[in-house]
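A short write-up of the structure that comes next.
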Amino acid sequence: MYNFLLWLDAYQEMIYIVVLMIFLGIEVIGRVPSVLHTPLMSGANAIHGVVIIGAIIVMGKADPENYVALILGFLAVVLGTINVVGGFVVTDRMLDMFRKKRH
Amino acid sequence: MGYVFLMLGYLLASVSFIVGLKMLSHPDTAKRGNRLAAAGMTIAIVVTIFLYEDNGERLGNYGWIFGALFIGAVIGWIAARKVQMTAMPEMVSLFNGMGGACAALISMIEFNHLVHETFLPHLPLSEETLSGTIGQVPMTQVLVIMLGLVIGTVSFAGSMIAWGKLNGRVNDFSFRGLQLVNILLLSVILAFSTYLIVRFSTDSAAPGIFENAQTAANSFTLLFYLILVLAILYGVFFVLPIGGADMPVVISLLNSFTGVAAACGGFLYNNKAMLTGGILVGAAGTLLTILMCRAMNRSLKNVLLGSFGASAKSGSRSSEQGSFKEITLSDAGMMMAYAERVMIVPGYGLAVAQAQHICHELEKLLTQRGVEVAYAIHPVAGRMPGHMNVLLAEADVSYEKLLELEEANQLLPRTDVVLVLGANDVVNPAAKTDPASPIYGMPILDVEQARQVIVNKRSMKPGYAGIENPLFFGTKTSMLFGDAKKVLQELVATIKEI
C-alpha cells in the first residue's frame, strides 16, 4: 500500500493527465451524430499515430553500430508514418463527401 | 532553449488533437478539425526530430529517420488516395494495425536496450559494471514497455485478421472451447508479464548476483519474445471467431487499444503529446465501441469473448424456410412510381456494386413524380458505423433524407414500398422473433411493417453473418435478383418510360 502511494506520488503528473484525458475523450465524443462515426473513427485512428514520436526517438537514439535496433526502428518509423499520413488523408477524403452542396 | 520550443510544440500538438477531435464530431467543422490535428501532428514530428534531447544529446541517424518518414509517407499517401470507398473500412483497420505494430516495435527496441544496459553494460564484462552501479530499473518502466508490447501486438494481429475478414481473405473460424483458449492465453500473458516485470526490476538491483549475466539477459529476452508470440496468437484468436456483423465494433475497439499502446510510449518517454493523444483516442474509441454495442443490444463482454461466431454456427441450421416470389423490373418500377412513400434501405450490397450514384438518381426521379423518398440507415449497415452515410454523401444525397433507425421505424408502417438494396441482417425479423438466432435482440428496421417490400440481392445466399432471413419468404416480400447497380439502372429506365 505504501509502495503504491509512493508510486502515485512519483507519477502524479502523468496520472493526472491520464485521468483528465479519459474524461475529455468521453466528453468530446459524447454528442457525435452517427453520420460522422466512420470519419471520426478514422480521424482518431490517425491521432493515435502520435506513437510515431516514440519511434523517431528510438531511431534517433539507436547506436549506429546496432543494426537490429536500426532495422526495427526504421520499420517502426515507416509503419507509424503510414498510420499518420494514411489516416489523415483517408479521413480528409471521407470528409470531402460531406461538403455542403451548391444549390 | 531548444527544450522550451520542444515543450511548446508538444503543447500545441496536444491542444490540436483535442480541438481537432472535438471539431471532427460536427459535420460543419469536421474537415478543418482533421486538418488541425494533422498540423499538430506535423509540429510534434518536426520538433521531435530537431529539438529532442536525451541527457543533452540530440538525436542521430537522420538519414534513417528521413528515409523511413519518406517511405512511410509515400505508401500511406498512395494507399489512402487509391482506396475505393467500399474498401475504406479495411483501410482504417490496416492503418490501425500499422500503429499497433509501431508501438510493439518501440517496446521491443526499448526492452533490448534495457537488457543490455542492465545486464551487459559493456562487453567484455567488467567487475565494476556487474556490481549494480547502474541502479535498479523502476518497475513502472518495465510495466509500460510490456503494456506497449502486449496491447500493440494484439491490436496489430487483430487488425490484420479484421482486414482479411473484411476483404474476404479470412473466413470465420471457431472451434469448441475457443473462448476457454482465449481466456487461458490472456491469463498466461498476464502471468508471464507480471513475473517478467517484477523479476526484472528486482534482479536489476543487483545484476552482480548472477554468475553469468549473459544467461540472465538471455532468459529475460526469451520470456519477452514468448510473450510477444502469445500476444500475436491472442490477437488472432480474439478476432477470428467474430462474425462480420461485429467487425465495426472490433475495429473501433482495436483502435482504442492502439491509442492506449501509444500512451504507454508517452509514459516511457515522459512525452505529453503521446500521452494526451493516446489516452484521448483510447477513451473516445472505447466510448464509441460501447455506443455501437448498445446499438446492437449486446454487451462489450459478449463481443470480446467472441461468442457471436460460435452461436452463428448453430443459428444457420434451417436452409429451407418456404418459397419466395420474384418480381419483374416493370412491376417493381410501377409499384414505386405510383407509391406515396418509398423507403430505401441501403446495405453492403449497394457499396459493393458502387450503386450510390444511380440510387440517388432513382430517388430524384421518384421525387420529381411526387413520391416521398427517404433512406433508412441502420447504425451497423455496411461494414462500419456510418458506412452508408459516407457512401450516400458521396453521391450528393442530402442529409434530411437519411433517417436514423427510430425515425425510420416510425415512418415504416405508413410506407408503401420499401426497397432493400443489398442489406440483410439489419432487416432480419429473426432478431425479434427467434431467440435462437445469433442476432436476437438487435434492433432492426421493421420493414415488414410496410405495405410492400422489394428486396434486391445478388442471390438467395444468406448475408455476411451467415444467418437465414425469414423476411425473404414473407407474403409482402418480392425478390429482385441482380447486381444493385444494374438493377437500379434498369429501374430508372423503366420508371422514365412510365
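Laboratory data are not the source of any read-out in this text; all were calculated from the coordinates shown. Given the structure is predicted, the values throughout are model-derived calculations rather than measurements. For neighbour counting, all protein chains shown are included, and Cβ atoms are generated from backbone atoms with ideal geometry for every residue, glycine included.
Checking understanding here: applying a Kyte-Doolittle mean of at least 1.0 and a length along the axis of at least 20 Å (C-alpha), which whole DSSP H helices in chain A pass? Spell out each step's value before the answer.
On the way: long enough: A:12-29 (26 Å, 2.06); A:67-81 (21 Å, 2.39).
For chain A, where a helix must reach 20 Å along its axis and average at least 1.0, the hits are A:12-29, A:67-81.
For the range A:37-103, with only Lys/Arg (+1) and Asp/Glu (-1) charged at the beta-carbon, what is the dipole magnitude about the Cα centre, in debye rounded to 20?
Values: 6 positive and 4 negative charges, 133 e Å.
For this selection, approximately 640 debye.
Quick check: Cα centre of the range B:82-114 to Cα centre of the range B:362-424, how many Å? Each part's Cα centre sits 34 Å from the other's. Of B:LEU178, B:LEU412, B:LEU184, A:LEU40, the sequence from fewest to most neighbouring Cβ atoms within 10 angstrom is B:LEU184, B:LEU178, B:LEU412, A:LEU40. Suppose R0 equals 56 Å; then what is the FRET efficiency for B:THR475 and B:ASN55 from their Cβ-Cβ distance, rounded to the nearest 0.05? The pair B:THR475/B:ASN55 has a calculated efficiency of 0.10. 3J(HN,Hα) along the range B:441-458: x, 6, x, 10, 7, 7, 5, 5, 6, 6, 5, 10, 10, 10, 10, 9, 9, 7 Hz, from the Karplus curve 6.51 cos²θ - 1.76 cosθ + 1.60 with θ = phi - 60°, whole Hz, x for Gly and Pro. Couplings for the range B:173-180, taken from phi via the Karplus curve 6.51 cos²θ - 1.76 cosθ + 1.60 with θ = phi - 60°, read 8, 7, 9, 4, x, 4, 4, 5 Hz in order; Gly and Pro are left as x. Proximity of backbone amide H atoms, modeled 1.01 Å from N, is registered between B:GLY422 and B:ASN456 at under 5 Å, excluding neighbours fewer than 5 places apart on the same chain. Taking every Cα-Cα distance in chain A and sorting them into 5 Å bins starting at zero, the pair-distance distribution P(r) comes out as 2, 11, 12, 13, 13, 15, 13, 10, 6, 3, 1, 1, 0, 0 percent. Toward the positive end of the charge dipole of the range A:37-103, with +1 on the Cβ of Lys and Arg and -1 on the Cβ of Asp and Glu, the farthest Cα among A:ALA46, A:GLY60, A:MET94 is that of A:MET94. Placing dummy labels 7 Å off each Cα toward the beta-carbon, the span from A:TYR2 to B:LYS461 is 6.8 nm.
Extension gain, B:GLN410 to B:LEU184: 0.36 nm times the residue separation minus the Cα-Cα distance gives 76.7 nm.
With respect to chain B, whose longest principal axis is taken over its alpha-carbon atoms, helix B:213-239 is tilted by about 10°. Taking a sphere under 14 Å around the Cβ of B:LEU350 and counting the other residues whose Cβ falls inside, with K and R at +1 and D and E at -1, yields a net charge of +1. Sequence-ordered 3J(HN,Hα) estimates for the range B:490-495 from the Karplus curve with 6.51, -1.76 and 1.60 and θ = phi - 60° stand at 5, 4, 4, 4, 4, 5 Hz, glycine and proline given as x. Within a straight-line Cα-Cα reach of under 18 Å, A:LYS61 can be paired with the following aspartates and glutamates, leaving aside sequence neighbours fewer than 8 residues apart in one chain: B:GLU53, B:ASP54, B:GLU57, B:GLU110, B:GLU117. Taken over the C-alpha atoms, the protein assembly as shown has Rg and Dmax values of 26.7, 96 angstrom.
Exposed loop sites here are GluC sites (Glu not before Pro) in DSSP loop states with at most 15 other C-beta atoms within 10 Å. What is the longest stretch of chain B lacking them? The longest such stretch corresponds to B:1-210.
For the residue pairs B:LYS364/B:LYS485; B:LYS401/B:LYS496; B:LYS325/B:LYS457; B:LYS401/B:LYS476; B:LYS325/B:LYS401, the C-alpha atoms sit more than 18 angstrom apart in B:LYS401/B:LYS496; B:LYS401/B:LYS476; B:LYS325/B:LYS401. Working note: 222 nm ellipticity from helices only, DSSP H runs with n ≥ 4, each -39,500 (n - 2.57), summed and divided by the residues of chain B, gives -20500 deg cm²/dmol to the nearest 500.
Projected onto their three principal axes, the Cα atoms of the range B:433-498 cover extents of 46, 25, 19 Å, largest first. Against the main long axis of the alpha-carbon atoms of chain B, helix B:247-269 sits at an angle near 20°. Projecting the Cα atoms of B:GLN452, B:PRO435, B:ILE495 onto the charge dipole of the range B:416-498, computed from C-beta unit charges around the Cα centre, puts B:ILE495 farthest toward the positive end.
Among residues other than B:THR29 with Cβ under 11 Å from its Cβ, the summed charge is +3 (Lys and Arg +1, Asp and Glu -1).
Rg and Dmax over the alpha-carbon atoms of chain B stand at 27.3, 96 Å. Largest first, the extents of the alpha carbon coordinates of the range B:329-497 on the three principal axes equal 46, 32, 29 Å. In summary, the lysines within cross-link reach of B:LYS31, defined as a Cα separation below 20 angstrom excluding same-chain residues under 8 places away, comprise A:LYS100, A:LYS101, B:LYS22, B:LYS82. Amide H contacts of B:VAL170: B:LYS165, each under 5 Å away and 5 or more positions distant or on a separate chain (H built 1.01 Å from N in the peptide plane; Pro and chain starts excluded).
The distance linking the range B:233-274 with the range B:427-498 is 34 Å (Cα centroid to Cα centroid, whole angstrom). Look at B:PHE175, B:PHE472, B:PHE257 and count the other Cβ atoms within 10 Å of each Cβ; fewest to most, that gives B:PHE175, B:PHE472, B:PHE257.
Counting only alpha carbon atoms, the long axis of helix B:356-368 and the longest principal axis of chain B meet at about 40°.
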